[in-house]
Amino acid sequence: QVWLVESGGGLVQAGGSLRLSCAASGRTFSNYAMGWFRQPPGKEREFVATITWSGVTTYYADSVKGRFTISRDNAKNTVYLQMNSLKPEDTAVYYCAAKRTGWSTIGNEYNYWGQGTQVTVSS
């Protein structure tokens, strides 16, 4: 079992920045690939970014590429999502997730999920 707790969400103006954190506890954090997903209001959950267990490989949705950066600190059991140049369309509940093997852009392939943190970008 892995428990994930997101933090860092909030209200920000367009063009601003936020850094989300996801603290993990339970099984060995460094064994898991980690991902960030989001669910905009009235829409389905969508992939944002993922990072391998080592942190060497990352992958982003086209909509956030060049603006968002995923990173991890295995010593702190934490994964981060640095979000810059935020747009109103980035407004969503952001979730982190852990995947036992490999990495994926598909949410259903992840084994554990956090409760989410709200990000609201005003125009």
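The values are calculated or read from the model by the stated rules, or taken from the named source; none is laboratory data. All values derive from a computational prediction rather than experimental measurement. A quick note on method: Cβ atoms are made from the backbone with ideal geometry, for glycine too, and the neighbour counts reach across all protein chains shown. The area values use the complete protein model at the heavy-atom level, side chains included, leaving out ligands, DNA and RNA. Shrake-Rupley method; radii C 1.70, N 1.55, O 1.52, S 1.80 Å.
Listed values, structure above:
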read-out	value
Members of the stretch 78-104 found to be in a loop (DSSP other than H, G, I, E, B), open to solvent by 30 Å² or more (accessible area, probe 1.4 Å) and modelled with pLDDT of 95 or more, listed by number	84, 85, 87
Among residues of the stretch 65-77, those that are within 16 Å of residue 22 (Cβ to Cβ) and in a loop (DSSP other than H, G, I, E, B), counted	4
Test: residue 23 is open to solvent by 20 Å² or more (accessible area, probe 1.4 Å) and touching a residue at least 12 places away in the same chain (Cβ under 8 Å)	yes
Count of residues meeting criterion [over 18 Å from residue 61 (Cβ atoms) and not in a loop (DSSP other than H, G, I, E, B)] in the stretch 105-116	1
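For every residue, the table says whether it meets (1) hydroxyl-bearing (Ser, Thr, Tyr); (2) farther than 18 Å from residue 115 by Cα; (3) crowded, with 20+ Cβ neighbours inside 10 Å; (4) touching a Lys or Arg at 6+ places or on another chain (Cβ under 9 Å).
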| residue | (1), (2), (3), (4) |
| --- | --- |
| 4 | no, no, yes, no |
| 8 | no, no, no, yes |
| 15 | no, yes, no, yes |
| 28 | yes, yes, no, no |
| 31 | no, yes, no, yes |
| 35 | no, no, yes, yes |
| 42 | no, no, no, no |
| 51 | no, yes, yes, yes |
| 55 | no, yes, no, yes |
